[in-house]
Amino acid sequence: METLPLLKRGTPFLPVLLIVAMALPALAAEQAYTLPQVVAHALQHNGELNAFREEKGLRDAGKTRAGLLPNPVLDLETRTGALTGSSDELSLTLGISQEFSLAGKRYKRLKLAEQELEMYRWQLVDRERLLRAEAKSAFYAAIHAIRLAELADRAIKLNQQLLDVTRERLAAGDIAELEMNLVKVELARSEGSRIAALKADYQSRARLRNFMGLPGGASPVISGSLATEPPMTKSLAELQQLANANRPDRKALESEKNRGEADVMLAQAEAVPNLTAGFFYAHERRVDATGVGEEKVRDNLIGIRLSLPIPLFDKNQAGVQESRARRSSTESRLSAAGRNIEQEVETAYSSYLNSEKILTLYKTNILPQLEENLQLTQEAYRIGEAGIMAVIQEQKKFLEVSEGYLTALHDRQTALVQLEAAVATDINGGVQ
């Protein structure tokens with residue numbers, strides 16, 4: 001088999017490069033995002049999530065600050081009598097002092113900063129969990145809008161076919177012109193429904209674009225379906241157990257409780273004042289009066305200075321009280337979180353089971369005969385055995401049931417997303 005050359009000899013190279021460069025953005029714009037790609041892109045590019053990720057630097061800075069020692073203090077003092085007529089009077093004191101934390105305050109500050117960082121990590125994981133659920137919901141909403149737009153196209157096609165049949169029968173003198181006008185009205189209504197469906201499609205893509213962090217004006221092309229997945233086999237008790245073990249918001253509260261313990265220990269340690277120790281050198285020059293006259297004296301002194309506040313009035317009672325109040329508040333919220341998580345899982349599980357039941361009704365009792373009934377009614381009208389209203393009503397029923405089925409599929413997927421978010425676990429396997 002002969003292969004055609006990409007470029008003929010003598011073809012200008014620069015124009016070809018320009019054509020390829022202009023085509024690349026168009027090719028990139030046609031990239032279709034699957035559900036895993038949508039979630040991955042949202043987790044990487046969502047603006048609010050990335051802004052929260054940047055706050056890690058604040059926690060890191062707090063940990064660094066907690067481990068630093070106080071800066072030493074340099075003291076310099078000089079006195080002279082030159083301005084008061086005693087030019088021989090002079091004193092100079094030079095000292096350096098350092099504050100030392102007692103009662104293990106530095107270690108306890110580090111412990112508190114580490115708990116702050118741990119709490120932040122779980123808060124970040126929880127935000128990722130919520131964003132993952134929102135991105136999935138937006139993805140399925142966009143797929144639902146696409147399928148509704150396709151159903152609107154199907155409605156237009158059905159009414160157009162029916163209009164062609166009425167024109168043929170009107171030309172043959174089998175029906176009155178009123179029947180053709182009724183079909184024209186239905187065709188116009190279906191075209192209006194298509195416009196509304198396209199508007200909903202645009203809005204759903206815009207919402208999905210916001211979660212994905214795409215630039216303004218971008219319209220992501222998505223690839224997926226609302227097809228049902230294998231039925232879930234886990235019981236409610238198993239799901240609640242998974243939620244209590246995996247929910248990052250609960251683990252963030254546990255870290256906050258540990259931070260509260262560290263805060264109380266630090267507040268109690270703050271009741272012990274810090275010791276300041278210093279070393280100084282002093283030089284003095286003065287004139288002493290004696291019995292026979294005046295004598296010039298020069299002294300050089302070296303000493304140590306210790307400073308320790310007396311905790312007589314302030315023993316950090318307010319700080320200890322505040323830290324204990326915060327710890328109690330966290331314990332109460334942690335206790336309530338367990339009950340709320342179980343209730344949230346129960347509600348999501350119930351919603352999922354109800355959506356499964358509705359979907360089963362469509363599959364077993366409603367959909368099997370729907371398309372066949374429509375075809376039989378259309379054929380009956382074609383040969384004159386049914387009236388136009390019977391066809392219009394059957395088409396409406398077909399479209400309404402089809403839309404209800406799409407909505408049931410969407411509700412089932414949304415319920416599954418909510419259940420996975422409540423459990424913080426991919427139902428098909430893996431912790432979120």
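Observations, loosely collected:
- A Cβ distance below 9 Å, combined with a sequence gap of six or more or placement on separate chains, defines the contacts here; from the range 307-323, residues that are β-branched (Val, Ile, Thr) reach residues that are not in a helix (DSSP H, G or I) in the pairs ILE310/PRO273; VAL320/GLU270; VAL320/ALA271.
- Flag for LEU124 being surrounded by 16 or more Cβ atoms within 10 Å (Cβ to Cβ), without any contact (Cβ under 8 Å) to a residue 40 or more places away in the chain and in a helix (DSSP H, G or I): no
- Test for GLY303: is it in contact with a strand residue (DSSP E or B) (Cβ under 7 Å, 6 or more places away or on another chain), farther than 30 Å from ALA141 by Cβ and not basic (Lys, Arg): yes
- Selection status of THR233, in a loop (DSSP other than H, G, I, E, B), under 26 Å from VAL345 (Cβ atoms) and without any contact (Cβ under 8 Å) to a residue 60 or more places away in the chain: yes
Residue by residue, here is whether (1) surrounded by 13 or more Cβ atoms within 10 Å (Cβ to Cβ); (2) within 36 Å of the chain's Cα centre (by Cα); (3) farther than 23 Å from GLU356 by Cα holds:
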site: LEU131; (1), (2), (3): yes, yes, yes
site: ILE146; (1), (2), (3): yes, yes, no
site: LEU163; (1), (2), (3): yes, no, yes
site: ALA172; (1), (2), (3): no, no, yes
site: ILE175; (1), (2), (3): yes, no, yes
site: ALA188; (1), (2), (3): no, no, yes
site: LEU198; (1), (2), (3): yes, yes, yes
site: LEU214; (1), (2), (3): yes, yes, yes
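- The set of residues in the range 212-230 that are polar (S, T, N, Q), touching a residue at least 40 places away in the same chain (Cβ under 8 Å) and over 28 Å from GLU344 (Cα atoms) contains only SER223.
- In the range 327-341, the residues that are farther than 13 Å from ASP249 by Cα and crowded, with 16+ Cβ neighbours inside 10 Å: ARG327
Matching residues to (1) of a type in the set (Lys, Arg); (2) farther than 30 Å from ALA40 by Cβ:
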residue: GLU89; (1), (2): no, yes
residue: SER101; (1), (2): no, yes
residue: TYR107; (1), (2): no, yes
residue: LEU110; (1), (2): no, yes
residue: GLU114; (1), (2): no, yes
residue: ARG127; (1), (2): yes, no
residue: ALA141; (1), (2): no, no
residue: ARG147; (1), (2): yes, no
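- Condition check for ALA267: surrounded by 15 or more Cβ atoms within 10 Å (Cβ to Cβ) and touching a residue at least 12 places away in the same chain (Cβ under 8 Å): yes
- Conditions (1) of a type in the set (Phe, Trp, Tyr); (2) within 30 Å of PRO215 (Cα to Cα); (3) free of Cβ contacts under 8 Å to residues at least 24 places away in the same chain; number of the one not met by TYR33: (3)
- None of ALA142, ALA152 is touching a strand residue (DSSP E or B) at 6+ places or on another chain (Cβ under 8 Å), crowded, with 19+ Cβ neighbours inside 10 Å and under 15 Å from ALA200 (Cβ atoms) except ALA142.
- Restricted to the range 46-85, and to residues there that are part of a helix (DSSP H, G or I) and charged (D, E, K, R), the residue that is surrounded by the fewest Cβ atoms within 10 Å (Cβ to Cβ) is GLU54.
- Filtering ARG305, ARG327 for residues that are among the basic types (Lys, Arg), within 51 Å of the chain's Cα centre (by Cα) and either assigned to a strand (DSSP E or B) or over 30 Å from LEU162 (Cα atoms) (or both) leaves a single hit, ARG327.
- Condition check for LEU312: in a loop (DSSP other than H, G, I, E, B) and of a type in the set (A, V, I, L, M): yes
- Within the range 343-385, considering residues that are farther than 29 Å from LEU162 by Cβ, charged (D, E, K, R) and surrounded by 13 or more Cβ atoms within 10 Å (Cβ to Cβ), the one farthest from the chain's Cα centre (by Cα): GLU356
Just so you know, all these numbers are worked out from the coordinates, no wet-lab data involved. None of these values were measured; they are calculated from a predicted model. Note: ideal-geometry Cβ built from the backbone for every residue, glycine included; neighbour counts use all protein chains shown.
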